[in-house]
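A quick write-up on the structure given underneath.
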Amino acid sequence: MTKRALLMRENDDVATVLDYICTGDSVQILMDGKSHNEIKVIDEIDCYHKIAVRKIKKGEEVFKYGEIIGRATQDISIGEHVHINNLESVMVV
C-alpha cells in the first residue's frame with residue numbers, strides 16, 4: 001500500500017499524512033489530487049499529523065494552508081515529524 005500525505009499549497013513547508021507512517025517508509029505527497037513528489041520518512045508519524053516536505057531551519061516560520069502555523073524550535077529535516085517537539089506557536093497580528 002502506498003503511504004500518502006496531502007500538501008495544501010505549493011509553498012507549504014508541511015503536508016498532512018493520511019496513513020500511519022513508519023520510520024523508513026516512502027510517502028507520496030499529493031497536491032490537487034496529483035502526485036507532487038515522494039519523500040522518505042525519518043520518524044514514525046500518526047495519521048493526520050504533519051511531515052516536513054522541505055528543510056526548515058531553527059527560527060523559520062512554518063507554513064501550512066499558505067499560513068504561518070508556528071516557528072521551528074530546531075532544524076527540521078525533510079521527512080521529519082513536525083509537532084510540538086520542534087514547533088512553537090506564534091501569534092500573527
Enumeration of residues in segment 5-28 that are under 16 Å from Val62 (Cβ atoms) and among the β-branched types (Val, Ile, Thr): Val14, Thr16, Val17
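Listed here are the residues, each with its yes/no results for (1) out of contact with any strand residue (DSSP E or B) (no Cβ under 8 Å at 6 or more places or on another chain); (2) of a type outside the set (Val, Ile, Thr); (3) closer than 17 Å to Met8 by Cα.
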residue: Val53; (1), (2), (3): no, no, yes
residue: Glu60; (1), (2), (3): no, yes, no
residue: Phe63; (1), (2), (3): no, yes, yes
residue: Gly66; (1), (2), (3): yes, yes, yes
residue: Ile76; (1), (2), (3): no, no, no
residue: Glu80; (1), (2), (3): no, yes, no
residue: His83; (1), (2), (3): no, yes, no
residue: Glu88; (1), (2), (3): no, yes, no
Verdict on Asp12 being without any contact (Cβ under 8 Å) to a residue 60 or more places away in the chain, touching a Cys at 6+ places or on another chain (Cβ under 9 Å), open to solvent by less than 30 Å² (accessible area, probe 1.4 Å) and in a loop (DSSP other than H, G, I, E, B): no
Criterion: under 16 Å from His83 (Cβ atoms) and either open to solvent by 60 Å² or more (accessible area, probe 1.4 Å) or at pLDDT 95 or above (or both) - qualifying residue of Lys64, Lys55, Lys40, Lys34: Lys64
Neighbours by Cβ (under 7 Å, 6+ apart or cross-chain): first from segment 57-79, free of Cβ contacts under 8 Å to residues at least 40 places away in the same chain and under 19 Å from Val17 (Cβ atoms); second hydroxyl-bearing (Ser, Thr, Tyr) and not in a strand (DSSP E or B): Gly70/Ser89
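The values are calculated or read from the model by the stated rules, or taken from the named source; none is laboratory data. This is a predicted model, so every value here is computed, not measured. Positions of Cβ are generated from backbone atoms using ideal geometry, with glycine treated the same way; all protein chains shown enter the neighbour counts. SASA here: full protein model, heavy atoms, side chains in, ligands and nucleic acids out. Shrake-Rupley method; radii C 1.70, N 1.55, O 1.52, S 1.80 Å.
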